[in-house]
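Q: Starting off with a structure, shown below.
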């Protein structure tokens, strides 16, 4: 009679708390406290039996609804807290006699959570698709909220069963199983079964929401980055957008230069503006973690000039930096010149009154052009020639100095892709057409 009475009390309290939890997520904190007290003050087996009875009613709910989602999340969090409760007490308490007195309670605490997970493993194999779906949801949310260790046996059983569910014929069940497997993966192990299954799904599953779930669940690591890069070309923009959102949470130090070039190149060239925006967020984040010139250098501008120009144009357009604080150094001369060139072009295009403040001295550019040519630093020379297009040549001495240097280089240089830049700059310096043509004829005669 006493057991029946206790069951009724537990059942009524559970029903009251869960009824409130499904209505409003704001009640979850207070409800969590109430259910933990209910568990601690009653027989664990009674609590487990009554909770499972309540969960069974949720498992058969095949239609989506926020009230069901709130209940699943709340109950899963309660199970996770029960699992962790005694584990935390064990860490905090140092007295052996106290631990001994709590041993039986600890075992029972762990058994409630693992017992319910065991039960959910069984129901995840049910013929009813709603039951399979909700079971995987319960498992996934519970696992992702548990921070304490999980029994190795139940860990392996969970992994085995959930891997089967990733091949379920119902897409939403596959999604729920993938989310549940997040906690069970080892991204540092190339042979990890979960990671290998995630790769298979990305390659073979035609449902974009399933591939998206994998991207959301796969942990970014040295071994998994190539998987993410491959998905930057996924046919679904929703998946590509998610790839860039997830990669944006990783540290720049994880990536190799070639990987960043692929990630940025694919993202900035994407047809979907939302994908481009997420890619730009990564660029802005990574650029903010180090000096801007060092960031540009890390992407090797000599080999990736087109991409670097796209990145700098984005940073310049959003004024992600104060150019006046950036100084040219020998170490980052190339990076400074390409940044300076694009910045000047942007300021000139916008008609900004500050344009003159950022213009370099003509004689300084002349000196650099001659030096880069003599040292055969052709990439840097190209940047300087393009910077020369932005200068004011009203100073006759500066104009003559630049013209002399350009003509000298044009007579000697054999690198054909420099010719258009040299001729174009000479044309700017010599606006009179007949004068310009006569000068070119003289250069050709000398050659």
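The values are calculated or read from the model by the stated rules, or taken from the named source; none is laboratory data. Computed from a predicted model, the values in this text were never measured in an experiment. A quick note on method: Cβ atoms are made from the backbone with ideal geometry, for glycine too, and the neighbour counts reach across all protein chains shown.
Q: Only residues that are loosely packed, with under 12 Cβ neighbours inside 10 Å and within 37 Å of the chain's Cα centre (by Cα): list them for the stretch 34-59, please.
A: If the condition is that a residue be loosely packed, with under 12 Cβ neighbours inside 10 Å and within 37 Å of the chain's Cα centre (by Cα), then no residue fits.
Q: Taking the stretch 119-129 on its own, how many of its residues are in contact with a helix residue (DSSP H, G or I) (Cβ under 7 Å, 6 or more places away or on another chain) and under 20 Å from residue 47 (Cα atoms)?
A: 4
Q: Kindly indicate the residue of the stretch 298-320 that is within 25 Å of residue 392 (Cα to Cα) and buried (at least 17 other Cβ atoms within 10 Å of the Cβ) and also modelled with the lowest pLDDT among those meeting that condition.
A: 316
Q: Regarding residue 195, is this residue under 20 Å from residue 162 (Cα atoms) and either in contact with a helix residue (DSSP H, G or I) (Cβ under 9 Å, 6 or more places away or on another chain) or loosely packed, with under 15 Cβ neighbours inside 10 Å (or both)?
A: Against the criterion (under 20 Å from residue 162 (Cα atoms) and either in contact with a helix residue (DSSP H, G or I) (Cβ under 9 Å, 6 or more places away or on another chain) or loosely packed, with under 15 Cβ neighbours inside 10 Å (or both)), residue 195 qualifies.
Q: All but one of (1) more than 23 Å from the chain's Cα centre (by Cα); (2) at pLDDT below 95 hold for residue 162, so report the exception by its number.
A: With respect to (1) more than 23 Å from the chain's Cα centre (by Cα); (2) at pLDDT below 95, residue 162 is out only on (2).
Q: From the set of residues in the stretch 68-97 that are surrounded by fewer than 14 Cβ atoms within 10 Å (Cβ to Cβ) and in a helix (DSSP H, G or I), which is modelled with the lowest pLDDT?
A: 96
Q: Which members of the stretch 293-322 meet the condition of being in a loop (DSSP other than H, G, I, E, B) and either touching a strand residue (DSSP E or B) at 6+ places or on another chain (Cβ under 9 Å) or touching a residue at least 60 places away in the same chain (Cβ under 8 Å) (or both)?
A: Within the stretch 293-322, 301, 302 meet the criteria.
Q: I need a count of the residues in the stretch 261-276 that are assigned to a helix (DSSP H, G or I) and within 19 Å of residue 229 (Cβ to Cβ).
A: 11
Q: Condition (residue is out of contact with any helix residue (DSSP H, G or I) (no Cβ under 6 Å at 6 or more places or on another chain), surrounded by fewer than 16 Cβ atoms within 10 Å (Cβ to Cβ), farther than 30 Å from residue 46 by Cβ and assigned by TED's automatic domain parsing to the domain that holds residue 35) applied to the stretch 183-191: is it met by at least one residue?
A: Checking the stretch 183-191: not a single residue is out of contact with any helix residue (DSSP H, G or I) (no Cβ under 6 Å at 6 or more places or on another chain), surrounded by fewer than 16 Cβ atoms within 10 Å (Cβ to Cβ), farther than 30 Å from residue 46 by Cβ and assigned by TED's automatic domain parsing to the domain that holds residue 35.
Q: Consider residue 339 carefully, then state whether it is modelled with pLDDT under 90 and either in contact with a strand residue (DSSP E or B) (Cβ under 8 Å, 6 or more places away or on another chain) or within 18 Å of residue 384 (Cβ to Cβ) (or both).
A: no
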